[in-house]
1. Would you confirm, using the coordinates I've provided, whether Tyr86 is assigned to a helix (DSSP H, G or I), crowded, with 21+ Cβ neighbours inside 10 Å and either modelled with pLDDT of 95 or more or not assigned by TED's automatic domain parsing to the domain that holds Lys497 (or both)?
2. Might you let me know whether the stretch 565-576 holds any residue that is within 23 Å of Lys604 (Cα to Cα), exposed (fewer than 12 other Cβ atoms within 10 Å of the Cβ) and of a type outside the set (Ser, Thr, Tyr)?
3. Name the single residue that is surrounded by the fewest Cβ atoms within 10 Å (Cβ to Cβ) among those in the stretch 533-555 being in a loop (DSSP other than H, G, I, E, B) and modelled with pLDDT of 90 or more.
4. Does Lys264 satisfy being over 16 Å from Arg379 (Cα atoms), assigned by TED's automatic domain parsing to the domain that holds Pro162 and surrounded by fewer than 16 Cβ atoms within 10 Å (Cβ to Cβ)?
5. Surrounded by fewer than 18 Cβ atoms within 10 Å (Cβ to Cβ) and either within 31 Å of the chain's Cα centre (by Cα) or part of a helix (DSSP H, G or I) (or both), is that true of Asp412?
6. Hey, can you tell me all the residues within the stretch 428-459 that are crowded, with 18+ Cβ neighbours inside 10 Å, part of a helix (DSSP H, G or I) and over 21 Å from the mean Cα position of the chain (by Cα)?
7. If you check Pro230 against the conditions, is it in contact with a Leu (Cβ under 9 Å, 6 or more places away or on another chain), surrounded by 24 or more Cβ atoms within 10 Å (Cβ to Cβ) and within 17 Å of Val53 (Cβ to Cβ)?
8. So which of Ala240, Ala205, Ala210 is at pLDDT below 95, small (Gly, Ala, Ser), assigned by TED's automatic domain parsing to the domain that holds Ile54 and over 28 Å from Val43 (Cα atoms)?
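The values are calculated or read from the model by the stated rules, or taken from the named source; none is laboratory data. No experiment lies behind these values; they were computed from the predicted model shown. A quick note on method: Cβ atoms are made from the backbone with ideal geometry, for glycine too, and the neighbour counts reach across all protein chains shown.
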Amino acid sequence: MGQIKWLVILLCCLSASSMVNAAEIKDSESASHGTDAASHTIVATYDFPGFKVIQFDLPVLSVYSYLLVSDGEALMVDPLRDIFTYLETAKKENVTIKGVYLTHSHADFIAGHTEMVKALGCSIYQSKKSGVSYQIEALKDGSTLTIGNSLIKFIDTPGHTPDGMCALVFPKGKTDVPEMMFTGDVLFVGSVGRPDLMGGSISAAWLASAMFDSWTNKLSKLNDAVKIFPAHGAGSLCGAHLSDEPSSTIGKEKASNPYLKYTKRSEFITALLDGIPEAPQYFKHNARMNQEGPPLIDWHAPIPVEIKADKNLTDPQKYYMADIRDAKRYAEGHIPNSVNIGLRGRLETWTGIMVPWGADLVLCGGPAELKEALYRLHRVGYKAGTIAPETWKKANLPVIAGQPISPRELYDLMRRGEAPVIVDVRLPAEWMALRISTILNMPLTHLAELSAQLDPAEPVVTVCNSAYRSSMAAGILERNGFKKPRNLEGGSEAWIKAGFPVFEGVKADKGAVAAPKRQVSLPERISASELKRMMMDLPGTFEMADIRPPEHFRDYSLPGSKNVDIADLIDNAAYLAGSIPLVIVDRDGSIAMSVGGILSQKTKRPIKVLYGGLESYWAETHESFGILPSSLKSIAPSVQTPAKPAAPVPQSPEQPPANQPQAPKKKSAGC
């Protein structure tokens, strides 16, 4: 950017933006960098008639666990793998833990159910739909359990996963209105669980629809005063926009939860599928481990013998070297091509996001840091070798010193028009809300591939809120061959504290620069006859995605169409690219229109939706062909066919409808 252009923008921003408080840019990421964030803490103890609930929090994973206590007995709810705080609390309370209850099959952490069984010999209570490989007390809709003077009633609430269950808790002998409810990942404070973690075994739209039913037909019918206790808080990737409040009530969620304001199924599905944060790659592996029963850990094992100091450790193709020290010490000197995943932060989550599952991971740090890191990585199923910085230096192997740039130095370079390329590695929503200057946005999770757009020979400055992610980003650029990656010291928080100007995309008053108005694009609706003409006259000039379940696609589909899972259609960038139209078809056009609306906001590619879906297409173009395909017949009774009706097939109320994919046994189930 030239000096004159920069000065013009600077003058526009200075009047108000320079007064932004640094606290405004803090997030759940930087909020979890304290020394206590990696330890289980007790949030509060809630007293109810006949029982009490102790709520535990692990900030670095945004996980809530619970101990339900009543008359000398207790039930453990959603424990993590390191169970020691729970056991110590139970001992202090002088209660016996009678069992472990898992609200659903978790994916964002390794659950502590097998560790609890080893320590206490207690039972595991879990939905019979879970399809797990270990022994459980299988729960179904309406199952009950007594703990001391409390009665627990389990209700089937699929949506986040097929096996999701909530637990209503009553005082024994008073079962008209529950006092509280464990909601797992079905209902959060201010949000609901994401429905896209099944990896294609069940469509995200089907689970979103099931979530709509769980809320509409069950949870919303409860008394407004019922307190809810979820499995996650702000910062969790199991949903979007979670509140940092640890509990709520049904009434409060009815009034304030943005997802619950949608009373039409299609609108609810659209809202739930739009804006879901990307799921870390480790989720599916954690889910599988939890399904199989996590192997037991020797928590007192000594730190493994150090990896031999060798130049091979600097080869990104052979090892993933993670330096767990703070950004300052990392910048002072680190092993070449190592990435700074700081211990004082979300080590577990960022390791799971950045380090490929099965990679040869090596941690670099001091003895105490390595001990803590190895312990914490058990929470997400990672193992690692270790090496100390001193060991590397004693071997006379090369060390790279980073060159962090201070806010003042960067600001002066920008004023002179000499600033290097600046890359904000936060999420797009964070970047749009508040940022320094007109800088690039390359989210950290995709920086490795996006950095191909940059010149590795030129200097690059990375920026985030607190310098935690941007220090990590500098290491990723180094692994990609960049010669001069620099990290903004203290991040945007330090920039704001120094009084330098920012762009605010949320506010437009008092002279701040507002984000540009969004142009809202909507998909084009096409009729069955129009689509038929395109198929006959213009083959090869468009792409057609059929988003129905695979068995319905096999039963009947349009020539040239491709069966695509809804979540993949929304998230896969390949469907956003290109200039030829993308035509989306489903059964009746409702879900296709919702998906088309989401895609239209993400791409300039023409998006078309078959109006009325395949039901209308069949009715308009195939009536003379005779029998209606079963995949349309079972869910389109209004379309008349000469086929003789078959005898009804009875279904269990706990199974998905016959026209939807069945929840497979022994499949990973989300978080």
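1. yes
2. Within the stretch 565-576, one or more residues are within 23 Å of Lys604 (Cα to Cα), exposed (fewer than 12 other Cβ atoms within 10 Å of the Cβ) and of a type outside the set (Ser, Thr, Tyr).
3. Start the filter on the stretch 533-555 by keeping residues that are in a loop (DSSP other than H, G, I, E, B), which leaves 538-542, 547-549.
Among the residues that remain, those that are also modelled with pLDDT of 90 or more are: 542, 547-549.
Working: Phe542: 16, Ile547: 25, Arg548: 30, Pro549: 23.
Among those that are in a loop (DSSP other than H, G, I, E, B) and modelled with pLDDT of 90 or more, it is Phe542.
4. Details: over 16 Å from Arg379 (Cα atoms): yes; assigned by TED's automatic domain parsing to the domain that holds Pro162: yes; surrounded by fewer than 16 Cβ atoms within 10 Å (Cβ to Cβ): yes.
Yes, satisfied.
5. Values: surrounded by fewer than 18 Cβ atoms within 10 Å (Cβ to Cβ): yes; either within 31 Å of the chain's Cα centre (by Cα) or part of a helix (DSSP H, G or I) (or both): yes.
Yes: the conditions hold for Asp412.
6. Once the filter is applied, which keeps residues that are crowded, with 18+ Cβ neighbours inside 10 Å, part of a helix (DSSP H, G or I) and over 21 Å from the mean Cα position of the chain (by Cα), the stretch 428-459 yields only Ser451.
7. Details: in contact with a Leu (Cβ under 9 Å, 6 or more places away or on another chain): yes; surrounded by 24 or more Cβ atoms within 10 Å (Cβ to Cβ): yes; within 17 Å of Val53 (Cβ to Cβ): yes.
Answer is yes for this residue.
8. Details: Ala240 fails: over 28 Å from Val43 (Cα atoms); Ala210 fails: at pLDDT below 95.
So the residue among Ala240, Ala205, Ala210 that is at pLDDT below 95, small (Gly, Ala, Ser), assigned by TED's automatic domain parsing to the domain that holds Ile54 and over 28 Å from Val43 (Cα atoms) is Ala205.
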